[in-house]
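All remarks here apply to the structure that follows.
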Amino acid sequence: MSAYIEPLKTALLIFPFLALFISSFFFIYEYRKFGRFIISRAIILYSFVFYLLCAYFLVILPLPPISEVAHYGGPHYELHLGASLHNFLSQTVLKIDDPSTYLPAMRQGVFLEPVFNVLLLLPFGVYLRYFFGFSLKKTILASFLLSLFFELTQLTGLYFIYPRNYRLADVNDLFHNTLGGTLGYLVEPLFALLLPTREKLEEIAYEKGKDVTLFRRFAAFLLDWFIIYFFTFVLTVVLRLVTNSYSDKYFDSPLWYFVTILVYFIFFNYLLNGQTLGKKIVRIRVVENNHQHITLKALFIRYGLLYLIYGGIGQIGALFAPLIGDSNHFLVGIASFITIGATIIQFLFVINVLWAVIRKKRQLFYEKRSGTYVISTILKKEI
């Protein structure tokens, strides 16, 4: 059993980092689906990833030295279905009429190995039915495919890193793993008694997702600016290749900033009726009071206050900041005044956002002035 304890220890050591990385992809999907990060669902997903990590490590660890594996002999695989049963019947010390043999028999490898392989994917079947809503047929297929992945991992010597396989690929393991996943599906109702139903979890997630949080809006903000910077980067590369000039900074001017705001956040928003690409991804929309389609006027006021005035002041402050170290004292005074003023205005904006968070008010100053607010586009029938 020591060969199984070590993989678990290794999994526990790297779990907080690797599991978080893998889980993040599920979290993103969940966040987009429901529009809210639900702790209970996140814990279940996190535990699912942890379980899969442990199962995978149990399959591949401990890793022997490559030089040692090169000298291994023996078969690469076992294709005799029923070999594990034959080994058990021929090697077990179990005698049905002698209870004193029960415990020694349970300690034998011919008993532990098939039982372990059944138990290995039993939680997998529970997760698939409880959290992902899989049917029995889908659970059997998924369990078989996961087991096949494990066996191919062993057969290929950890994807040909080793000169040959260091663990026997066994068709009986494939059967036992699939059986374990199937049993997990069948016993899932016993575990479900202790937990809220999947439908209840989704209902809670939907209800919370109807409320558009500032974090969700901030996620859309980051996505929008990532798209803008990526487009700008690609355009810069193309222009430099065409002009063969690498010294020019084509899009570093305040003019390009203002053009970006006008095109992407105002006109593009208008065409998509209150949505940018970032807002589409997190599934939110800007709407105007008493209007089915948002108007250009409302968008000009909204994003004019946010980006053209507030953001523009930041751009001006950034332009004058380098002049603070100039030898001309008059110029230093003007630059300092403008830079400090821009910093104060930006600080006040941050205070406004924090105050909105504290008071749990979702409408910020530029939304009040423009008569706009943000809604969720997630429909209950989609969940």
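The values are calculated or read from the model by the stated rules, or taken from the named source; none is laboratory data. Just so it is clear, the structure is predicted and the values come from calculations on it, not from any experiment. Note that we place each Cβ from the backbone using ideal geometry, even for glycine, and neighbour counts take in every protein chain shown.
To keep it simple, each residue is scored yes or no on (1) in contact (Cβ under 8 Å) with a residue 60 or more places away in the chain; (2) in contact with a Phe, Trp or Tyr (Cβ under 9 Å, 6 or more places away or on another chain); (3) more than 21 Å from L364 (Cα to Cα).
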| position | (1), (2), (3) |
| --- | --- |
| A205 | yes, yes, yes |
| G209 | yes, yes, no |
| T232 | no, yes, yes |
| V237 | no, no, yes |
| Y257 | no, yes, yes |
| I284 | yes, no, no |
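If I filter region 269-301 down to residues being in a helix (DSSP H, G or I) and small (G, A, S), which single residue comes out as surrounded by the fewest Cβ atoms within 10 Å (Cβ to Cβ)?
Start the filter on region 269-301 by keeping residues that are in a helix (DSSP H, G or I), which leaves 269-271, 277-282, 296-301.
After this cut, where a residue has to be small (G, A, S) as well, the list is 278, 298.
Numbers: G278: 20, A298: 23.
Residue satisfying both the conditions and the ranking: G278.
Among the residues of region 52-89, write down those that are part of a helix (DSSP H, G or I), surrounded by 14 or more Cβ atoms within 10 Å (Cβ to Cβ) and in contact with a Phe, Trp or Tyr (Cβ under 7 Å, 6 or more places away or on another chain). Let's see the steps before the verdict.
Residues of region 52-89 that are part of a helix (DSSP H, G or I), as a first pass: 52-60, 66-69, 83-89.
So of that shortlist, the ones also surrounded by 14 or more Cβ atoms within 10 Å (Cβ to Cβ) come out as 52-60, 69, 84, 87-88.
Correct list: L53, L58, V59, V69, F88.
Looking at A219, is it surrounded by 12 or more Cβ atoms within 10 Å (Cβ to Cβ), assigned to a helix (DSSP H, G or I), modelled with pLDDT of 85 or more and among the hydrophobic types (A, V, I, L, M, F, W, C)? Break it down into steps so the answer makes sense when it comes.
On the way: surrounded by 12 or more Cβ atoms within 10 Å (Cβ to Cβ): yes; assigned to a helix (DSSP H, G or I): yes; modelled with pLDDT of 85 or more: yes; among the hydrophobic types (A, V, I, L, M, F, W, C): yes.
Considered against the rule, which asks whether it is surrounded by 12 or more Cβ atoms within 10 Å (Cβ to Cβ), assigned to a helix (DSSP H, G or I), modelled with pLDDT of 85 or more and among the hydrophobic types (A, V, I, L, M, F, W, C), A219 comes out as yes.
Is it fair to say R198 is over 20 Å from R41 (Cβ atoms) and either among the basic types (K, R) or touching a His at 6+ places or on another chain (Cβ under 9 Å) (or both)?
Details: over 20 Å from R41 (Cβ atoms): no; either among the basic types (K, R) or touching a His at 6+ places or on another chain (Cβ under 9 Å) (or both): yes.
Answer is no for this residue.
For region 135-162, enumerate the residues that are over 12 Å from H76 (Cα atoms), part of a loop (DSSP other than H, G, I, E, B) and modelled with pLDDT under 95.
Matches in region 135-162: I161, Y162.
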